[in-house]
Amino acid sequence: MDYSLVTEAYEKIESTTKRLEMTDYLVDFFKKTPKDAIDKIVYLTQGKLYPDFVGIELGMAEKLAVRAVAKATGRSEKEIEEDLAKTGDIGETAQRFLEKKRQISFFRVPLTVERVYQTLDKIARATGEGSMDLKVNLLAGILADATPKDAKYILRTVTGKLRLGIADMTVLDALAIAYGGGKEARDIIERAYNISSDLGRVARELAEGGIETLKNFKITLGNPIRPMLAERLSSPAEILEKLGGKCIAEYKYDGERIQAHKDGDKVVLFSRRLEDVTEQYPDAVELIKTHVKLEEAIVEAECVAVNLDSGEMMPFQELMHRRRKYGIEKAINEYPISLFMFDVLYVDGRDLTLEPYPARHKILEEIIQQSDRVQLAKYLIVDNIDDLEKFFEEAVEAGCEGLVCKSLNSDAVYQAGARGWLWIKYKRDYKSEMIDTVDLVVVGAFHGRGRRAGTYGALLLAIYNHENDTFETICKCGSGFTDEDLKNLPKMLEPYKIDHKHPRVNSNLEADIWFLPKMVIEVIGAEITLSPIHTCARDVIRKGSGLAIRFPRFTGKYRTDKSAEDATTIDEIIEMYKKQLKKIEAE
């Protein structure tokens, strides 16, 4: 197939802003495309060479592209850079310089789609020593045989700046008309795309076998299913009304959503954006192998950073340390994760995406071997506003973003690639950023595990209520302590150890060890939030709720200069909470 047909189609598409015209141009283009080349044409039109999950990306550095244009045209890099500064478009600059090319080619080989695609593929895969020169030479080679207009689109493609303005949905419409007999075939084609995330493969199977082939399109292990997305509401009443008065509410964890494909001993992990993240989470791979009790399965989970010694969930930012190519083993030890399973899409050859969520959830419970590191997402079936609000507060206090409320109805299928009202995010419409430290009183402790066995995993901390002379709990804190702190804490707290909760301590939590309210430590957190568990300022902001510190962390400062009664008071905490509330702008 002559690449000039690609150039001609892209020019037409670029000349209009009307979606219907774009679709018409694509339909005409697809009809001119040989069936064995349609997959490549679809990928190129998407600005890529393969589906995202393959992980081979275009995106040649502009500086290298300038070198290639210079080599192909016989002009200096400085001249090309000066023109690029004016146009801001490497494609347009390349077109200009090829139109006034100094080097005359006596023998020009017409460019084919196959040659351009194969060359771009070699450029994308080139790595290591000498790869920069190789990329330049490869690109200059096809530019030498390109027309000026061809060069424009080749340069835009290779630098990741094609920007035709064509969405996947437009491509689906065009495929339906070109090969499916009309737009009524769109749903079948879209379904195939949603369960494979491979638009090129879908196009080729459609072109070669017709719409009947896609009616039998199957999920393939290793090809990620496009994730189902949730709508958002901030009112429990609205959520319950939308979901028919009853729903299953699940913790919305502050982690990275992953889709795990298990095929025997082989496990592949995909991110929400369908990137292969298997190498970043080798520990998650092992957990899937040992905790999913089937040979073949596709499950969805939230991958959350955790403190294995205290059991606390850590903020999402901790996971960013796993986004690296090197030092993964070190990152595993420093930033361990747990998996919270929330859906199953495929088991041993059976597609579950068209099953209702209650049925999928039941199967998920049966196939997961739960442990400290692998659990089902915490959930509750609710049918009233009060229970939903309390569960929401519990989730936030535990370190989650909120809840995802899911339909229990028979039509609650997995809407791959779609955002709908079968799942609804319940997140706050405000944020409360904690910008100052507080001084808290140690009233209890919890036994450590793992590296903290024999010491304390977390401390139970309280504020002072001067009106009734009591200490009200506000958080459990296990972060920020050095190894030296952990070693010394039992000895430091030994003089205050008692065998029961102190009468002046107001706590709904049962600590493993209780102390006299004497030691004061300095703590900082992410925010102050409502809590159904802690007793600080109970009923003051909302009936049945207290206040808690989310993601508390010891600053390293022991306030030996303060008595327990000099610690941060209930009035100060309430004032901090009110001052720090800020409305979140609509997403």
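The values are calculated or read from the model by the stated rules, or taken from the named source; none is laboratory data. These numbers were taken from a predicted model, which means no experiment stands behind them. Cβ placement follows ideal geometry from the backbone for every residue including glycine, while neighbour counts extend to all protein chains displayed.
Some observations on this one:
- Exactly one residue out of E510, E484 is outside the structural domain of G311 (by TED's automatic domain parsing), in contact with a strand residue (DSSP E or B) (Cβ under 9 Å, 6 or more places away or on another chain), under 21 Å from R449 (Cβ atoms) and among the acidic types (D, E), and it is E510.
- Unique match (being of a type in the set (D, E, K, R) and over 13 Å from the mean Cα position of the chain (by Cα)) among D254, D283, D276: D283
- Here K215 clears all of (1) closer than 28 Å to T16 by Cβ; (2) among the basic types (K, R); (3) surrounded by fewer than 21 Cβ atoms within 10 Å (Cβ to Cβ) except the condition numbered (1).
- With respect to the conditions (1) surrounded by 20 or more Cβ atoms within 10 Å (Cβ to Cβ); (2) in a loop (DSSP other than H, G, I, E, B), S371 lacks only one, and its number is (1).
- Residue within region 40-60 that is among the β-branched types (V, I, T), under 24 Å from D133 (Cα atoms) and in a helix (DSSP H, G or I) present: no
- In region 494-510, the residues that are in contact (Cβ under 8 Å) with a residue 12 or more places away in the chain form Cβ pairs under 6 Å with partners that are surrounded by fewer than 17 Cβ atoms within 10 Å (Cβ to Cβ), at six or more places apart or across chains, as follows: Y496/K518.
- When D133 is tested against the conditions (1) over 30 Å from G209 (Cα atoms); (2) of a type in the set (D, E); (3) within 34 Å of the chain's Cα centre (by Cα); (4) assigned to a helix (DSSP H, G or I), the lone failure is (3).
- Of the residues making up region 242-251, those that are surrounded by 23 or more Cβ atoms within 10 Å (Cβ to Cβ) and of a type outside the set (F, W, Y) are L243, C247, A249, E250.
- Of all the residues in region 352-368, those that are farther than 24 Å from A284 by Cβ and either within 24 Å of the chain's Cα centre (by Cα) or in contact (Cβ under 8 Å) with a residue 12 or more places away in the chain (or both) number 4.
- Residue within region 534-543 that is hydroxyl-bearing (S, T, Y) and either in contact with a helix residue (DSSP H, G or I) (Cβ under 9 Å, 6 or more places away or on another chain) or at pLDDT 90 or above (or both) present: yes
- Selection over region 331-351 of residues that are crowded, with 16+ Cβ neighbours inside 10 Å, under 22 Å from the mean Cα position of the chain (by Cα) and not hydroxyl-bearing (S, T, Y) gives a count of 11.
- For region 475-500, filtered to residues that are basic (K, R) and modelled with pLDDT of 90 or more, the residue that is farthest from T535 (Cα to Cα) is K491.
- Top-ranked residue in region 448-469 [being charged (D, E, K, R) and not in a loop (DSSP other than H, G, I, E, B); ranked as surrounded by the most Cβ atoms within 10 Å (Cβ to Cβ)]: R452
- Every residue from region 89-126 that is within 20 Å of A61 (Cβ to Cβ) and modelled with pLDDT under 90: none
- Taken together, A72, A85, A9 contain a single residue that is surrounded by 22 or more Cβ atoms within 10 Å (Cβ to Cβ) and assigned to a helix (DSSP H, G or I), which is A72.
- When residues of region 514-533 are limited to those that are part of a loop (DSSP other than H, G, I, E, B) and out of contact with any Leu (no Cβ under 7 Å at 6 or more places or on another chain), the one farthest from S563 (Cα to Cα): P532
- Matching residues in region 157-172 - criterion: being surrounded by fewer than 21 Cβ atoms within 10 Å (Cβ to Cβ) and part of a helix (DSSP H, G or I): D168, M169, T170
- Number of residues in region 308-349 that are in contact with a strand residue (DSSP E or B) (Cβ under 9 Å, 6 or more places away or on another chain), among the polar types (S, T, N, Q) and farther than 24 Å from P227 by Cα: the value is 1.
- The lone criterion from (1) free of Cβ contacts under 8 Å to residues at least 24 places away in the same chain; (2) not assigned by TED's automatic domain parsing to the domain that holds Y558 left unmet by K491 is number (2).
- Y456 vs. criteria in contact with a Ser or Thr (Cβ under 8 Å, 6 or more places away or on another chain), assigned by TED's automatic domain parsing to the domain that holds T569 and aromatic (F, W, Y): no
- Residues being farther than 20 Å from R538 by Cβ and β-branched (V, I, T) - total across region 505-520: 2
- Checked against (1) over 30 Å from S196 (Cβ atoms); (2) outside any strand (DSSP E or B); (3) touching a Cys at 6+ places or on another chain (Cβ under 8 Å), L408 passes all but condition (1).
- Any hit, region 233-241, residues being crowded, with 22+ Cβ neighbours inside 10 Å, under 20 Å from V413 (Cβ atoms) and among the aliphatic types (A, V, I, L, M): yes
- Restricting E472, E565 to residues that are over 25 Å from F316 (Cα atoms) and modelled with pLDDT of 95 or more narrows the list to E472.
- Test: residue in region 168-182 that is within 21 Å of G420 (Cβ to Cβ), of a type in the set (D, E, K, R) and in contact (Cβ under 8 Å) with a residue 60 or more places away in the chain: yes
- Residue check, D439 assigned to a strand (DSSP E or B) and either within 28 Å of the chain's Cα centre (by Cα) or at pLDDT 90 or above (or both): yes
- Qualifying position, being surrounded by 17 or more Cβ atoms within 10 Å (Cβ to Cβ), assigned to a strand (DSSP E or B) and small (G, A, S), among A511, A548: A548
- Contact map, region 184-213: residues that are more than 13 Å from Y43 (Cβ to Cβ) paired with residues that are hydroxyl-bearing (S, T, Y) and surrounded by fewer than 19 Cβ atoms within 10 Å (Cβ to Cβ), Cβ distance under 6 Å, separation 6+ or inter-chain. Pairs shown: E205/T213.
- Selection of region 470-494 for residues being outside any strand (DSSP E or B), among the polar types (S, T, N, Q) and surrounded by 16 or more Cβ atoms within 10 Å (Cβ to Cβ) yields only S479.
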